[in-house]
Each structure stands twice: as structure tokens, then as C-alpha cells.
1. Here's a check for you: in segment A:357-366, which residue that is aliphatic (A, V, I, L, M) and either in contact with a Leu (Cβ under 6 Å, 6 or more places away or on another chain) or not in a loop (DSSP other than H, G, I, E, B) (or both) is nearest to the other protein chains (Cβ to nearest Cβ)?
2. Can you find a residue that is polar (S, T, N, Q) and modelled with pLDDT under 95 anywhere in segment A:277-300?
3. State all residues of segment B:342-356 that are in a strand (DSSP E or B) and either within 13 Å of chain A (Cβ to nearest Cβ) or surrounded by fewer than 22 Cβ atoms within 10 Å (Cβ to Cβ) (or both); if no residue qualifies, say none.
4. If you check B:Arg282 against the conditions, is it within 14 Å of another protein chain (Cβ to nearest Cβ), touching a residue at least 24 places away in the same chain (Cβ under 8 Å), of a type outside the set (Val, Ile, Thr) and over 18 Å from A:Gly316 (Cα atoms)?
5. Find the residue count for segment B:103-121, including only residues that are in contact with a helix residue (DSSP H, G or I) (Cβ under 6 Å, 6 or more places away or on another chain) and closer than 22 Å to A:Gly283 by Cα.
6. Give the number of residues within segment B:279-310 that are of a type outside the set (Val, Ile, Thr), more than 22 Å from A:Asp146 (Cβ to Cβ) and surrounded by fewer than 24 Cβ atoms within 10 Å (Cβ to Cβ).
7. Test B:Gly263 against the stated conditions and say whether it is away from chain A (no Cβ under 14 Å) and either out of contact with any helix residue (DSSP H, G or I) (no Cβ under 7 Å at 6 or more places or on another chain) or of a type in the set (Lys, Arg) (or both).
8. Hey, can you tell me all the residues within segment A:313-337 that are touching a strand residue (DSSP E or B) at 6+ places or on another chain (Cβ under 6 Å), crowded, with 16+ Cβ neighbours inside 10 Å and within 13 Å of another protein chain (Cβ to nearest Cβ)?
Protein chains: 2
Amino acid sequence: MSATLSSVPEVGDPVAAIDTPALVIDLDAMERNLAAMAAFARERGVRLRPHAKMHKCAAIARLQRAAGAVGVCVQKTSEAEALAAAGIDDIYISNEVVDPAKLARVAALARRVRLAIAVDSAEGIERLARAMREAGAAIDVFVEVDVGHGRCGAPATAASSLAHRVVAHAPPEGGLRFAGLQAYHGAAQHLRGAEERAAASRHAASLASAARAGITAAGIACPLVTGAGTGTFAFDVASGVWGELQAGSYLFMDRDYADNAPGPNTPRFEHALFVKSQVMSRGAAHAVVDAGHKSHAIDSGLPQVWQRTLAYANGGDEHGILRPLPGGSAADLPQLGDTVWLVPGHCDPTVNLHERYVALRGGLAAGVVEAVWPIEARGCVG
Amino acid sequence: MSATLSSVPEVGDPVAAIDTPALVIDLDAMERNLAAMAAFARERGVRLRPHAKMHKCAAIARLQRAAGAVGVCVQKTSEAEALAAAGIDDIYISNEVVDPAKLARVAALARRVRLAIAVDSAEGIERLARAMREAGAAIDVFVEVDVGHGRCGAPATAASSLAHRVVAHAPPEGGLRFAGLQAYHGAAQHLRGAEERAAASRHAASLASAARAGITAAGIACPLVTGAGTGTFAFDVASGVWGELQAGSYLFMDRDYADNAPGPNTPRFEHALFVKSQVMSRGAAHAVVDAGHKSHAIDSGLPQVWQRTLAYANGGDEHGILRPLPGGSAADLPQLGDTVWLVPGHCDPTVNLHERYVALRGGLAAGVVEAVWPIEARGCVG
């Protein structure tokens, strides 16, 4: 098929030439977000290890490293493998792995890059230690504490016994380097009120702090508490408990995070990730765009229609239905073939639907494609 | 990386060796569904053109053709391109395309395979005609009528004027072969009560029938009405209006379709698509599996936990939280490392998250991998 019949944009293409639906980054906005978070971490003296589960892309991980990030987090073994294959060499799997076959892959990867992982059970630690021993590999290990989400993580009271078990497999005989605590309160990120998020952060800080105190009281050094997301990081840093931030969504900002009431002393991040869509059908009182929930995730609600007085209604897997906002009229509706920009409800699973980013310089209205970045870890759920 | 460290199963692997999360087909169940729908269409004398937007896989399309299907439907140009590249040669894009660059791709494809497309506007017909003329290609064209969904499709009263416009571009001068009406009521498929679905089908049938009458009254032959989904096809066929069925989900059956009250004279389809997950963390009163909504779509609700007395709660992108059903106890919870099978809430967008199917013969408990099928049209949203 000739280049003119490809659906993949090329560097230098004008925005109008980008086939729809497409996952588009406003580079100018993204770079402002990148710089704002880097400056925040630098000024507060905390490490930044952004969560690459959000962007799944080596090119973006490199930009984050260049701006001062110490490395990236991922949630899955296969994500770590994909980013390592693309050249990223300092990766933290901030999640538990207990399957022996998967742990053998973790161990093989730990021989190639600087790797860390989370644990929350004695059985998980023993399995990890066995895999590392069999591969002759070493890995940084964080004990995960449940600081309020009620998902993974041991109770704070169990942290010292788990840390003890990790230390029992320390080098040179074992392959587990105890690195500290994983303390991430996922549910707190999306509480709408700033004071609600502050309270959840205080609760998480008290649990993480208690877990750390138990570990140091047992005579084990606890080098780091890592965690925090885009919704709570400013509160978390103010507590003094966290030494490393894992925020990811700050880079793109989705509709869901923008729905949070802003907190004090927090950088303001801009929407930098969009789905470009096109009107493919028109009714008397509605328009239909070619982007449904195979193009943007709706687990955290529907997308916002960018800079138009239109509401997006769920049109199924392949369609979105646009109607005027209350008080508007059919004259607000776009015409057949018009471009409509959508701000995804949730960036992480939206990114996971696409093969590539189209990185645009100069704004959505008249920008030019500056880069096309593969999303190497797309679909890496294992 | 050696074969033993790959996450991709191989033919002959036991079910226990399948890395999680994985998209797994119970082949025995799928083949019963395949045969039941093929028999239904054959006995009622209607054509079956299953919707490949659901499975996005050439291997499955070939099984459907072998069982009597006349071809497949897709929703997107890039889906058609992907399946054509994999050898599928009779494809209907049951959706509108209005972008000139995309229409050039449609025309290029129409020179290689038997291709059909839907239209719902005069402007769309003119653009399509221009693209076909410029490529020297021909295509079957269905005029889409809105039969109740309120999404794409012209009003039934406008069908004859659109058909007239299509016919004005008929071969040999033009490239548009008027093929009939597209009449699909998407929202009707998921109405829970059988009588509700029957009523929606009657309404759709009356509109499709009126549109067809208008066309034939204008002296234009209307060869076919195509449409119908897994929720309404038996009602649709009983109306006598539809000559071709586009059902797709019957092959896999998701939790959402199983929630419909069954209608009369309808084959019973079985769950044949599963996400294999693994318990990666245990709390005192819950278990966490490694499959969240990056592994299964939740637009139509959460997955069902297969053959266990457990409820699945949303644990975010990468996790699912399992708790005992009311009246159960923590003793019902699986242990660390255990396999848990999930029935996705909605099969189409779940499939769209994965690179491949693992096709299992002999059941979920002790089956063997018979095939690994690439999902060629995954992510083809453009």
C-alpha cells in the first residue's frame, strides 16, 4: 500500500491530515506539565519515578528521565519487558508477582536492567527469592502496605515481619535487597474535594509511618517510602513520609483528574492528551463522531468535548453522539467531516487502546506532527 | 528470550501453563454456538454475515464462512484492511465513511476484495462515488435507516431519495451498486425483557419496511435488508423484513447478553470467551486477581466470576477484587496463585484489548491449547 494510503501520520503532516480516531499529544502542553512536576519534586527534595502504566511509551519515559526522574514504575512484568527492550534501564514493578513462570521472567530481566518489585506476603517473598536465586539475579524489594485502598498490600502491623523475611534473602547469599515501603492509596486520588484527599493522605501517611517505625524498631533500615499519585502528591510530600513520587497522569491530565477540586501548593496541569475524532453522520439534533469506547476508556466517565458547547453521549464501541449543552441549539452542532477533539475520561486505559501517539507541535487548531511514538507496552497486561 | 520465558502459550500447552491475564476461548462451547447460529439461519432461509467487529480475527471469520456465512461485517475501514490482508475476501463496512483520505483507502480495498459499505447522507454518497470513480473501483452500497437507535442512519422517509442518488452512480459509469438497506437497532439488543426486545424489533421492522416500500415505489429494486444482532435476530427474522443477519456476540456470549431474558424460538448460546486471571494478593476478607479493566471492558458492567460464589469488584486498570457473595464466607475465597476465570461484561471491547486468543480444547479445568490466533484487527478504530 502506498504511503498516501496509510492511516499512520508522518512527521511534518499538518493536523488536518491526521486520520481519525487518533491519540494526539499537545506537546507544548505536555512539556509544561513535565517541567512543572519536575520542578515541584526538585524544590521539595523528593525523587520522582513517574508511573509508566499511564503512558506505556519509551520515548516519554526518556523525556521524564531527562527532566530528572530517577526511573519509571510499571504494574506488570510484560510492561517492564517491553520498556526494557526499548532501552529503559531503571524500572520498578510496583505490584505483586507470584506466578513462578512470571517470576522467572522477572529474574531474567533483573539481570539486564536495574529492577525493583513489590511484595505483600510471605509466600510471595519466598517465591521471589527462589526465582532470583535460580537465575543468580538481584532485585530491589518494597514491602507494600495497604494505606487505605483495600486492594493489595499487607496491614501496616505486618510490615516488619515481611521486611525481616526479605532481609533474610539479602545478598550476597540471596537476591533480595530490601528497599523500603510501597504505599499508594489509589482510591484517594479521585476524591473530588481537596480536604477529602488531604484527609486520605493523612490516613495513608500515618499507616506508612507506623509501618516504617515497626521496621526500624526491628533494627532494619527502611531507605524509602514510595507512592503518591496525581491527586494527592502535594499532600503526601507535605507529610514528610514519602521520599519518592509515582504520579503518572499529571503528564496528560484526563477529564477525571480535572474534575478534582484543586489543592493548595499544587502545580496546575493542562489537558495534553486528546482523541481526534471526525463527524461521520448528522441528524437534525445530533452529530455522530467516529470515536466510541474502543478509542477512549469510559471506566471513569465519558470524555469532554474540547472547547465546544457540546455533550458527548455514549454511542457504543465505535460511535459518540454529540448534542448541544442545555440552552444551546442545533446550530452548535458540527458538520459532516468536521474535526472534534475529545478529552478522555481516563488517560491510562485510553492509551492502552492505541498503537501510537501522534505528537503535535503548535496546538490542536493548526499544529504539525513532530513525532509519532510507538506505545511499546500497549496491551502488556501480564 | 528463550521459549520458556515467553508469555505466549504454545499449541499443546496445558491450561495451567497459560500466562495470565489471557483471553481464552472454550473451543467446544464456541463451536456449539457457531453451529447453532448457522443452523438457525439455514433453517429460516436467511443469510448470515456475522459481525467481525466483535472477534476481529481472520481465523474465526474463516470458521464462520466454513459454517455457511456469506462474509463478515466490520465497522471500520482499518478493520476491513486488516482482515483483507489476512485473506478475508467478502467484507461489509456496515458504517459510514466520509473522510476523503479514508474513502481512497476504501476504494483501493474494493479493487482487491468484494466490499460493501453503508451511507446515510447525500454528501457521503457523493464523496464515496468520487473516490470509487477516481480509483476505478466498484462497491455495494447499503442505505442506512435509523430504525430506533438514534445514532447513524437517515429517516426512513429519506431512504428512497438516497437510494436514487446511489443509483445515479451505478456501473458502468459509476462505482456504486445499490444493495439495499442497513437496518440495525443497537440499543434494542440489550433490553432485558424478551417482550421489550420484540417490541423494539417490531418498530425497527416497520421503519425498515416503510423505507423499502418507498424505494420500490420509486422503481428501484431493493435486494436486501441487512441488520439484526444477538439480542433481536429471532424476532427480526420472524418479521420477514431482514434477509441477512449481522449478529456477532452469539459466538462468545458475554455477561451482558446472558443477562437478557431469553426469547422464544432462539438458540441458547453458551459462554465461550473467558479471561484467565490469577490471585496475586490475599487479604483476610478479599482476594485480588491480576485482571482489571485493561484486560476486560467494563462499559456494560463488571465480569462474572465463573463457577465460583464470588463477586468481582472493580479494582482499577490492573486489579480485580473478589469477595464472597452475600451469605458466603472468606472460606470461599481462592488462595494466592489460584486461577480464576472471568466472563467479560462485553466481549467486543474486551477482545479489542488483546493481541491474541488462546483457543482451548477440552474445557477450562483441564484443557489443552489447540491454537493461538492473532487478533488482526485489534485496535483498528480508524
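The values are calculated or read from the model by the stated rules, or taken from the named source; none is laboratory data. Keep in mind it's a predicted model, so treat the numbers as computed, not measured. In this analysis, Cβ positions are derived from the backbone assuming ideal geometry, glycine residues included, and neighbour counts consider all displayed protein chains.
1. A:Val358
2. Taking every residue of segment A:277-300 in turn, none turns out to be polar (S, T, N, Q) and modelled with pLDDT under 95.
3. B:Leu342, B:Arg356, listed by residue number.
4. Considered against the rule, which asks whether it is within 14 Å of another protein chain (Cβ to nearest Cβ), touching a residue at least 24 places away in the same chain (Cβ under 8 Å), of a type outside the set (Val, Ile, Thr) and over 18 Å from A:Gly316 (Cα atoms), B:Arg282 comes out as yes.
5. Looking only at that region, the number is 2.
6. 7
7. No, not satisfied.
8. Within segment A:313-337, A:Gly315, A:His319, A:Gly320, A:Ile321, A:Leu322, A:Arg323, A:Pro334, A:Leu336 qualify.
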